[in-house]
1. Which of the numbered conditions does V159 fail, given that it passes all the others? Conditions: (1) in contact with a helix residue (DSSP H, G or I) (Cβ under 8 Å, 6 or more places away or on another chain); (2) at pLDDT 90 or above.
2. Only one residue in V79, V95, V87 is within 21 Å of P225 (Cα to Cα), among the β-branched types (V, I, T) and more than 12 Å from the chain's Cα centre (by Cα). Which one?
3. Could you figure out which of (1) touching a helix residue (DSSP H, G or I) at 6+ places or on another chain (Cβ under 8 Å); (2) buried (at least 20 other Cβ atoms within 10 Å of the Cβ) isn't true of G58?
4. Inside the range 4-63, can you point out the residues that are basic (K, R) and in contact with a strand residue (DSSP E or B) (Cβ under 8 Å, 6 or more places away or on another chain)?
5. Of all residues in the range 71-113, which are in contact with a Ser or Thr (Cβ under 8 Å, 6 or more places away or on another chain), outside any loop (DSSP other than H, G, I, E, B) and modelled with pLDDT of 80 or more?
6. Assess whether D27 counts as being out of contact with any helix residue (DSSP H, G or I) (no Cβ under 9 Å at 6 or more places or on another chain), among the charged types (D, E, K, R), assigned to a loop (DSSP other than H, G, I, E, B) and not assigned by TED's automatic domain parsing to the domain that holds E202.
7. Do we find that N133 is in contact (Cβ under 8 Å) with a residue 40 or more places away in the chain, more than 30 Å from D27 (Cα to Cα) and over 18 Å from the mean Cα position of the chain (by Cα) in this structure?
8. Give the residues of the range 5-47 that are in contact with a Pro (Cβ under 7 Å, 6 or more places away or on another chain) and of a type in the set (G, A, S), sorted by residue number.
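The values are calculated or read from the model by the stated rules, or taken from the named source; none is laboratory data. This one's a predicted model, so the numbers in the text were calculated from it and none came from an experiment. Here the Cβ positions follow ideal geometry from the backbone for every residue, glycine too, while neighbour counts run over all protein chains shown.
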Amino acid sequence: MVFHGVEVNGLYGNPAQASDPRNNNTDDDAFDDGEEDNNSNGVVDPGETDPTRKEDSGDEDQDGLQNWEENLSCTLWDVADSDFGGVNDGEELNVTHGTDPCDSFVNFATSINSWNSGSSLLTLQDSSGFNPNGGEGWYNSSGNLIPFSYISVSSQSLVGVSVGPGVGVTEALNRNGSFCHTSATAAGTLLTTQQYCDDDYEDSDGDGLADWEEILGVYGWFSNPSLVDTDSDGVSDFDEVFDFTDPN
């Protein structure tokens, strides 16, 4: 139950709006206003849904999760792949995937070898986790992440870095998205990049096939996600799948 005075002065959602004190189900969804505003305080608190908007019912983005379920979690009710990592929210939450639908990024960290301010060149101990086509990276300054941009990767160096590391900063990070999975798949080699891809395509054995792709037999054959060469024939699971042979 939500008191009439609370309803008429309600500030639900964005833009804020009041609920209708003459209707116990303002948005005409599956839940009464009092069920959505559990503490009857006129705003949408964590763990509550909006009594003035009908998006609480149904599956607007068709990701397999009800809108109200998504409103109670970190996923978006109107975006099928909330973290834009390549796999829909409902599939990520499935036991066969077990990945985070809200965060597609995996941190890659490496030590800084040197910084050349004249050429804007940042040399790293290991540059393999950075996008060859440029992007954004971060300096780890005592736990605070300071962003910088770069144009490309050359050997172990980032080229065209926008700003150098501050005094005492010894570590650079990249929070990679799915670029490494896409690029490496096209190249046919994932051993050096797959482990830094977004968690939507987590690949425990580094063979180029995501764990869930092996478990579900996405390409027509099942294989062991913890073995690079499931049938021990000298050909990796990835190569067998894309050569149309059975990896198991």
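1. Here V159 meets the rest and fails (1).
2. Testing whether each residue is within 21 Å of P225 (Cα to Cα), among the β-branched types (V, I, T) and more than 12 Å from the chain's Cα centre (by Cα) leaves just V95.
3. Among (1) touching a helix residue (DSSP H, G or I) at 6+ places or on another chain (Cβ under 8 Å); (2) buried (at least 20 other Cβ atoms within 10 Å of the Cβ), the lone unmet condition for G58 is (2).
4. Of all residues in the range 4-63, those basic (K, R) come to 22, 53-54.
Within the range 4-63, just R53 meets the criteria.
5. The answer is D89, E92, T110, S111, I112, N113.
6. no
7. yes
8. Filtering the range 5-47 down to residues in contact with a Pro (Cβ under 7 Å, 6 or more places away or on another chain) leaves 7-8, 12, 19, 26-27, 33, 36-37.
Once the filter is applied, which keeps residues that are in contact with a Pro (Cβ under 7 Å, 6 or more places away or on another chain) and of a type in the set (G, A, S), the range 5-47 yields only S19.
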